[in-house]
Structure formats: C-alpha cells, structure tokens
1. 5 Å is the cut-off here: which amide hydrogens, built 1.01 Å from N in the peptide plane, fall below it relative to VAL119, excluding neighbours closer than 5 in sequence?
2. Helix-derived [θ] at 222 nm for the chain: sum -39500 (n - 2.57) over DSSP H runs of at least 4, divide by residue count, nearest 500?
3. About the Cα centre, and with charges only on the beta carbon of Lys, Arg (+1) and Asp, Glu (-1), how big is the dipole of the chain? Nearest 20 debye, please.
4. Apply the Karplus curve 6.51 cos²θ - 1.76 cosθ + 1.60, θ = phi - 60°, to the phi angles in segment 49-56 and return the couplings in whole Hz, x for Gly and Pro.
5. What FRET efficiency comes out for SER69 versus TYR136 if R0 is 22 angstrom and r is the Cβ-Cβ distance? Round to the nearest 0.05.
6. Read phi for every residue in segment 29-46 and hand back ³J(HN,Hα) as whole Hz from Karplus 6.51 cos²θ - 1.76 cosθ + 1.60, θ = phi - 60°, with x for Gly and Pro.
7. Determine the relative contact order of segment 26-70: mean sequence separation of Cα pairs under 8 Å and six or more apart, normalised by residue count, in whole percent.
8. Got a sec to turn the phi values of segment 131-140 into Karplus ³J(HN,Hα) couplings, 6.51 cos²θ - 1.76 cosθ + 1.60 with θ = phi - 60°, whole Hz, x for Gly and Pro?
Amino acid sequence: AGVIADPKAIDLAGSFADTGGTGSDAFCARGNRKQGYKVGVLVTFGGSTQCEGTGRAELTGERARISLSRTGRGKAITGCSFDAYFDGSALALPGSVPAGCAAACGDRASIAGASFALVEQGNAAARNAPGRAIDYLCAD
C-alpha cells in the first residue's frame, strides 16, 4: 500500500524527468515553500523541436503556481502562468496553458499536458537538471 503525502509537508525542490519515456524532458525547482522556487522546464519533440523556459513557482498544498518568464534563449515571456498538480512525487502540467506559453516553444510544440516524475529531491539536484539552449535549467 502507498503512503499519501501530507500536502503541507511536500517540497517541490528537486530534479524531475519525463514519465513518457523519451528521457530528455526535464523540470527542476530550486528554493523553498516560504520564499518560492526558481524553476526550469524542457519538453522535447524529437531532436530539434522543444519548449524550454525558466521562471518562478509557488507551492500551496498540491497546487504549484508556475510562471515562466524567459525562453531557453533568454527572451522575455509574458502571460505564461498556470497551475500544475504536484503530489510529492509527480508533477502534472495542465492540458491547456495560456497562449503566452507558446513563446517558450518552437513550431507545433507545447508544454500543455507534460508530466514529470521526481528523480532526486533537493536544491543540489535541481541545479544539475540539464537543458538544451540552457546548460542547466535551475543553475544560479
């Protein structure tokens, strides 16, 4: 039988990978509940099509409010804030995200519906989460 995590005790800090098996999708969060988290996300579609961005997140219970503010190439993103679900071991992005999130993506790509499994907890693990245009998604 599984153990249900206390929503008030879970921590988003860590390194995450895709649950679909492509092996190259990544999410990371560095920080804490009180001060918020720096986040990075990479969702790939083959060798060259991707979504990649960085921003901030706040965690309230099992709801992670994610706001992406920079693309993988450093350009500003506006209008890309959404609620994702985090149960302590998996993060699921919503099936629909604001139109502003398209700025983080190449043609025919989207972060909508992406899901990630926690690979390693903690800020140290988050710092090493790999990106593509960004070497490390949650580096200093």
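1. SER15, PHE16, ALA17
2. On the way: 1 runs with 5 residues, N = 140.
After summing the helix terms and dividing by residue count, I get -500 deg cm²/dmol.
3. Details: 14 positive and 13 negative charges, 93 e Å.
With only Lys, Arg, Asp and Glu charged at Cβ, the dipole is about 440 debye.
4. Those phi angles translate into 8, 7, 10, 8, x, 10, x, 10 Hz.
5. In this case the efficiency is close to 0.80.
6. With the stated coefficients, segment 29-46 comes to 9, 10, x, 7, 4, 5, 9, x, 10, 7, 10, x, 9, 9, 10, 10, 9, x Hz.
7. Numbers: 79 pairs, mean separation 13.4, N = 45.
Computed value for segment 26-70: 30 percent relative contact order.
8. The phi angles translate into x, 10, 5, 9, 4, 10, 4, 10, 5, 4 Hz.
The values are calculated or read from the model by the stated rules, or taken from the named source; none is laboratory data. Here the structure is a predicted model, which means the values were calculated and not measured. Ideal geometry is used to build each Cβ from the backbone, glycine not excepted, and the neighbour counts take in all protein chains shown. These accessible areas exclude ligands, DNA and RNA; they are computed on the full protein's heavy atoms, side chains included. Shrake-Rupley method; radii C 1.70, N 1.55, O 1.52, S 1.80 Å.
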